[in-house]
Ligand code: ATP
Ligand code: MG
């Protein structure tokens, strides 16, 4: 399961756990993205912070692990590179790529889609506010599954921290404490026209 994980939240964890249960997966590998070369509209938190929060969030689950492949490669992450590296590390594994409805919507726009589908079976999970549609997807390459709906996003978690609102119970306890310890999100810029 790839993601920015800025921060990782219970929506990610429930989706991973549900897909692992449905497909009988031995392991779910969370893969935080590398650091973009250029700051986009919003600066993404340092890769090491996002990596460590993901480790904290998954530590208690023996079937969850975290991979550094994208963090160590650096630069913007392309899923083709992630899957190629994971394939190299696990030559005999059957790979599944777990992705939310919003990310799946961009799937057809991804580079080298044929190669992607050859490397892994894609699993699209429902996410409140987004429509899961298989209309444009190649037959058999993607499974669409319904997971318990959690209307949580990292964007909302960051906004909450910035506004002094709680993120307890939206992210694991250790992640709340890590955000506090490192002072993450407190200084995020206010968007134009935003009412605090
Ligand atoms: P941001 O708001 O910064 O984009 P996010 O909450 O979307 O953060 P990402 O790290 O972008 O989190 O997401 C990683 C993957 O998890 C994506 O495939 C995304 O669709 C999926 N995902 C995120 N939140 C949920 C959720 N609440 N339910 C189901 N899937 C989710
Ligand atoms: Mg997202």
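A short reminder: the numbers here are calculations on the coordinates, not readings from a lab. Since this is a predicted model, take the numbers as computed values, not measurements.
Assorted remarks:
- Candidates 155, 82, 33, ranked by Gaussian network fluctuation over the chain, Cα under 10 Å, top entry: 155
- Most mobile listed residue (154, 143, 67) in the chain, GNM with C-alpha springs under 10 Å: 143
- Values of log10 I(q)/I(0), in the order q = 0.11 Å⁻¹, for the chain under a Debye, Cα-only, solvent-free model: -0.50
- Orientation-averaged projection of region 29-104 equals 5.9 nm² [convex hull of Cα atoms, one quarter of hull surface area].
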